[in-house]
1. Normalised by the number of residues in the chain, what is the relative contact order in percent for Cα pairs under 8 Å and 6+ residues apart?
2. Where the only charges are on Cβ atoms (+1 Lys, Arg; -1 Asp, Glu), what is the dipole of the chain about its Cα centre, to the nearest 20 debye?
3. At q = 0.22, 0.30 Å⁻¹, what log₁₀ I(q)/I(0) does the range 1-46 have when each alpha carbon counts as one equal point scatterer in the Debye sum?
4. Please report, in whole Å, how far the alpha carbons of the chain spread along each principal axis, starting with the longest.
5. By average Cβ neighbour count within 10 Å, what is the ranking of 23-30, 78-85 from highest down?
6. Between Asn43 and Asp28, what is the label-to-label distance in nm when each label sits 7 Å out along the Cα-to-Cβ direction?
7. Treat each spin label as a single point 7 Å out from the Cα along the C-beta direction, and report the Asp69 to Met1 distance in nm.
Amino acid sequence: MKILVCPLNGPRPVTEFAYGGEIRRSPDPDTCSDAEWSSYVFNRSGSPGAKYEWWCHIASGFWFVVLRDTLRDEVIATFPAEAVRQGLLTETRGAAR
């Protein structure tokens, strides 16, 4: 069974989590073109590699960030959601592994 380390709840079976999608910077809807907005809404990068993703621990409702290598299907690190607001996603200090 795969185990995912939640920053709040610790190691848990992956079946206790829901995937929320890749973290992507959204364009400003007030200033971007229709083409830029539709590209953001409908297009995703399917290339394999390390990606930041939203995950939720279903039982607690706790949302957090996972840095996951989609090529190897390996979790590199996990971060509390506050890391997104604080701009810490490029750092791995304090990350649960």
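Computed from the coordinates by the stated procedures, all read-outs in this text should not be read as laboratory data. None of the values given here were measured: they were computed from a predicted structure. Please note: Cβ atoms are built from the backbone with ideal geometry, for glycine as well, and neighbour counts cover all protein chains shown.
1. Contact order relative to length: 25 percent.
2. 420 debye
3. Ignoring solvent entirely, the Cα scatterers give -0.77, -1.11.
4. Cα spread of the chain along its principal axes, largest to smallest: 43, 27, 26 Å.
5. Output ranking for 23-30, 78-85: 78-85, 23-30.
6. A separation of 2.1 nm, rounded to one decimal place.
7. For the pair Asp69/Met1, the computed spacing is 2.5 nm.
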